[in-house]
Amino acid sequence: MTVSWDDIEKLYSPLPASVTKGTQILVSIKCNKAIDQINMNLLRSFFNGWTFPSKGKYINPFKLVSIDFSKEREIEAEIIVKRKDQDIDELRLFCQDVLDVLNTDYINICSWKNRVIG
């Protein structure tokens, strides 16, 4: 079985430039197959503790408020922006990492939507 890598350019749309510290975002991900319990646990931890390297430090730009796997083949997560760099699209970096995690387990993303909710 060969891993099929999703193309972030086809899935990700950046949020408006007005996103700042404290902004609440709903991340909605639709997959080609159901997320099993092992991946639910992995993704819950991944969403909660995700960081990226910047200037010699690891930055945790989001706080996970909730994550929901109740819909078959869908993940919904509410996050709050804790830190926003004007030069980096942290959500795009996060999206790419989530794609990689799911793709390595042969789960492909059909759609990825980010929506400001507060």
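Things worth noting here:
- Restricted to the stretch 50-70, and to residues there that are in contact with a Phe, Trp or Tyr (Cβ under 7 Å, 6 or more places away or on another chain) and among the β-branched types (Val, Ile, Thr), the residue that is surrounded by the fewest Cβ atoms within 10 Å (Cβ to Cβ) is 51.
- First in the stretch 92-118 and part of a helix (DSSP H, G or I) and basic (Lys, Arg), second anywhere and at pLDDT below 95 and exposed (fewer than 15 other Cβ atoms within 10 Å of the Cβ), Cβ under 8 Å, 6 or more apart: 92/14
- Picking from residues in the stretch 99-118 that are of a type in the set (S, T, N, Q) and in contact with a strand residue (DSSP E or B) (Cβ under 9 Å, 6 or more places away or on another chain), the one that is surrounded by the fewest Cβ atoms within 10 Å (Cβ to Cβ) is 111.
- Residue within the stretch 41-63 that is more than 22 Å from residue 8 (Cβ to Cβ) and among the hydrophobic types (A, V, I, L, M, F, W, C) present: no
- Unmet requirement for residue 14, which otherwise passes all of (1) touching a Leu at 6+ places or on another chain (Cβ under 8 Å); (2) not in a loop (DSSP other than H, G, I, E, B): (2)
- If the condition is being under 13 Å from residue 15 (Cβ atoms), under 9 Å from the mean Cα position of the chain (by Cα) and crowded, with 19+ Cβ neighbours inside 10 Å, then the stretch 87-98 contributes 91, 94, 95.
- Those residues of the stretch 48-77 which are in contact (Cβ under 8 Å) with a residue 40 or more places away in the chain, within 20 Å of residue 105 (Cβ to Cβ) and outside any loop (DSSP other than H, G, I, E, B), in sequence order: 74, 75, 76, 77
- Flag for residue 84 being surrounded by 11 or more Cβ atoms within 10 Å (Cβ to Cβ), part of a strand (DSSP E or B) and not β-branched (Val, Ile, Thr): no
The values are calculated or read from the model by the stated rules, or taken from the named source; none is laboratory data. Just so we're clear, the structure is a prediction, and the values are computed from it rather than from any experiment. Cβ coordinates were reconstructed from backbone atoms using ideal geometry, including for glycine residues, and neighbour counts include every protein chain displayed.
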